[in-house]
């Protein structure tokens, strides 16, 4: 199974880019972030025409997450991260596909830090830690996938010294991410590429992509029930260079699962 995460930075404004990439890479499951659209304006028909069923959790102008599955509709299991009934941000959606549970998330940015936005980020992270523990207790194949807005180590940012006080790199945030791994979740990219500088995001300004001045903030965390099946983890840099593209690149992993009848031989 080929699984992808992609912060599209506005699904309707970049729909042509998304559809072009889906046609080229043909992922089986896709987790999308930053839809920046309401539920009623989600491009369901266009995605279905491209061969993908979808579930989504939208929000006007900001946030928004979705899960796509090739040749089928994901089975929705949750909208919203538990732990704060007053949280109105559309940042988490969960669905099952072929017996695997996918949690698609868009963790708060948190800047400026310190400040209220950073406090919200840390609270959200604590909720994620608690819920991630509940998922592990289920002992089922599960993945937490998406834009975590965290560079876990110095290896995940092109100039660590410039980012020490940023909300994506402050010690509290990196410790929160490390705590997830300590619970038993596996970081797919870092597991298969332990010492390699790999980035998933490049700012639009100052030729950041051309200079490879990037950050690794899009992650796959695999539960113990699925992590032994991990075979590949890679960043698809090509779409980041397309006209009108997102500032993120798609990230793909491949896992071994029983043939579902339509996986192009993967």
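Bear in mind these aren't lab numbers, they're just calculated from the coordinates by the rules spelled out. What you see is a predicted model; the values in this text were computed from it and never measured. Glycine also receives a Cβ, built like all others from the backbone with ideal geometry; neighbour counts cover every protein chain displayed.
Sorting 237, 190 on the 10 Å Cβ count, fewest up front, what's the list?
237, 190
Dividing the helix sum by the residues of the chain, where each DSSP H run of 4 or more adds -39500 (n - 2.57), gives a mean residue ellipticity at 222 nm of -7000 deg cm²/dmol. Calculated from the structure at hand, Cα extents along the principal axes in Å is found among [x] 48, 44, 39; [y] 69, 53, 40; [z] 69, 47, 38 as [x].
Our Cα-only numbers for the range 1-132 put the radius of gyration and Dmax at 14.8, 45 Å. Classify the range 213-262 as rounded, prolate or oblate, taking a ≥ b ≥ c as the square roots of the eigenvalues of its Cα gyration tensor: rounded when a/c is under 1.5, otherwise prolate if a/b is larger than b/c and oblate if not. Oblate, because a/c is 1.5 or more while a/b does not exceed b/c. Among 6, 118, 177, the order by Cβ neighbours within 10 angstrom, fewest to most, reads 118, 177, 6.
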